[in-house]
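The structure appears right after this line, and notes come after that.
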Amino acid sequence: MDSREKGLEKTLERLLRGETPGFDEAMRLATEADAGSLEAAADELRRSLHGDVVYYNRNLHFEPTNVCVYACRFCAFRRPVGAGEGDGAWTKGTDDLLRELERRPVGSITELHVTGGVHPDRGLEWAEELLRAVRAARPEIHVKAFTAVEIDYFARRAGLSVEETLLRLKEAGLDSLPGGGAEIFAPEVRKRIAGGKAPAQRWLEVHEAAHRLSIPTNATMLYGHVEGWEHRVDHLLRIRELQSRTGGFRAFVPLRYRNGNNGLSALPEIPPEEERRVFALSRLLLGNVPHLKVYWVMSGVDRALRLLRCGGDDLDGTIDDSTRIYSMAGGDEHPRFGEKEMRAAIEAAGFVPVERDSLYRPVAR
Ligand code: SF4
């Protein structure tokens, strides 16, 4: 073993002990470690945290609108303000959501996930009304709603601080925040792919405020477009730093860029081995975030199962054919994965399926 290999091995050992690496050290791991060692270390860390368990939940995604004041170049979902049905735009109301919920009897789902475009006419009052209606109709369901980008818009539109905005949403029935809108934090990349929307500092501010208010959140990273390893490492270390102060992130969700129907479609998608490397590195650099989620809608089921060997411990939910964000960008899967099929797939991959609630407590049925 030469000195470079010894250095990498030491870094892996330090990470497995829970120590925080410096940027240069993390970069060497990202770009120089051999894939086998990286995946094995990620798998070891994953097993020390969760054993053979793979989590999933039964959830419903509701996307109230795809009309958005922003124009992120990677987004195939968004339609401009003023677009009509003929252009593929939709805007649904609280009644539509309640009808969707009525079709799912009590006990059939445990979580509602609400995110969508940033509609110019929809502010904090609209969000509060939606949350109150859900809370009244289905008090047993955990409501995970609104990305930091949506929260930022509600706060600025209402002239309130982020904390005041989150407090009002919590009082109306918000239980947790999803992790969307993080994309890549580095300003030179963010400007190219998502110019105009909340900068990294604001995204982090929203999540830190949520954690202060005991609202748990997730974090994401959209990778595989114009960013380099240095931007991925920077992104992961910033999340690690916030988590070390607040402990409020439940899960990290790497999202692979899909190149269908958007402003970056000329870019090729990254190969599976690079996807596995991103997952393994994420698990290792974010040892202080309990869960690494493999969002099967975006990866496709086969790839998702392979990623469980690279640190992933959560397959997200059954989703029930209710999200279009990734299918509109070229997602492999028609987004439906029944619970029986999901449990069978997890077992066939050599793991033990455990249904969880939104706070990762096993669901007894
Ligand atoms: S990613 Fe979100 S904020 Fe950006 S254009 Fe799409 S819907 Fe709007």
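Listed by chain and number, the aspartates and glutamates whose alpha-carbon sits under 18 Å from that of Lys10, ignoring those within fewer than 8 places in the same chain, are Asp2, Glu19, Asp24, Glu25, Glu32, Asp34, Glu39, Asp43, Glu44.
On the accessible surface of the range 3-355, probed at 1.4 Å, how many percent belong to carbon and sulfur atoms?
Roughly 49 percent of what the probe reaches on the range 3-355 is carbon or sulfur.
The Cβ shell under 13 Å around Gly93 holds other residues with a net charge of -3, Lys and Arg each +1, Asp and Glu each -1. Largest accessible area first, the residues Asp357, Asp302 order themselves as Asp302, Asp357 under a 1.4 Å probe with ligands, DNA and RNA left out.
Listed by chain and number, the lysines placed with their C-alpha closer than 19 angstrom to that of Lys92 are Lys144; residues fewer than eight positions away on the same chain are left out. Spatial offset of the range 160-229 relative to the range 48-63 amounts to 21 Å, using the alpha carbon center of each.
Protection proxy ranking, highest mean first, for peptides 88-96, 36-44, 147-155: 147-155, 36-44, 88-96, where packing is the per-residue count of other beta-carbon atoms within 10 Å, averaged.
Relative contact order for the chain: what is it in percent, counting Cα pairs under 8 Å that are at least 6 residues apart? The partial results should precede the final answer.
Values: 669 pairs, mean separation 83.7, N = 365.
Worked out over the chain, it gives 23 percent.
Each of Pro21, Gly93, Ala40 was placed along the dipole of the range 1-103 (beta-carbon charges, centred on the mean Cα), and the one lying farthest toward the positive end is Gly93. With all protein chains kept in place, the per residue accessible area of the chain amounts to 40 square angstrom at a probe of 1.4 angstrom. All other residues whose Cβ lies under 12 angstrom from that of Val69 are scored, Lys and Arg at +1 and Asp and Glu at -1, for a net of +3. Axis angle, to the nearest 10 degrees, between helix 124-137 and the longest C-alpha principal axis of the chain: 90 degrees.
What is the packing order of peptides 162-174, 72-84, 16-28, taking the mean over residues of other C-beta atoms within 10 Å and listing the highest first? Write out the running numbers ahead of the final one.
On the way: 162-174: 19.3, 72-84: 17.8, 16-28: 14.0.
Highest mean packing first, the order is 162-174, 72-84, 16-28.
In the chain, the longest principal axis of the Cα atoms and the axis of helix 148-158 are about 40 degrees apart. For helix 272-285, report the angle its Cα long axis makes with the longest principal axis of the Cα atoms of the chain; keep it between 0 and 90° and round to the nearest 10°. Long axis of 272-285 versus the principal axis of the chain: about 90 degrees.
The values are calculated or read from the model by the stated rules, or taken from the named source; none is laboratory data. Remember, it's a predicted structure, so these values are computed and weren't measured experimentally. Cβ sites come from the backbone with ideal geometry, for glycine too, and all protein chains shown count toward neighbours. SASA here: full protein model, heavy atoms, side chains in, ligands and nucleic acids out. Shrake-Rupley method; radii C 1.70, N 1.55, O 1.52, S 1.80 Å.
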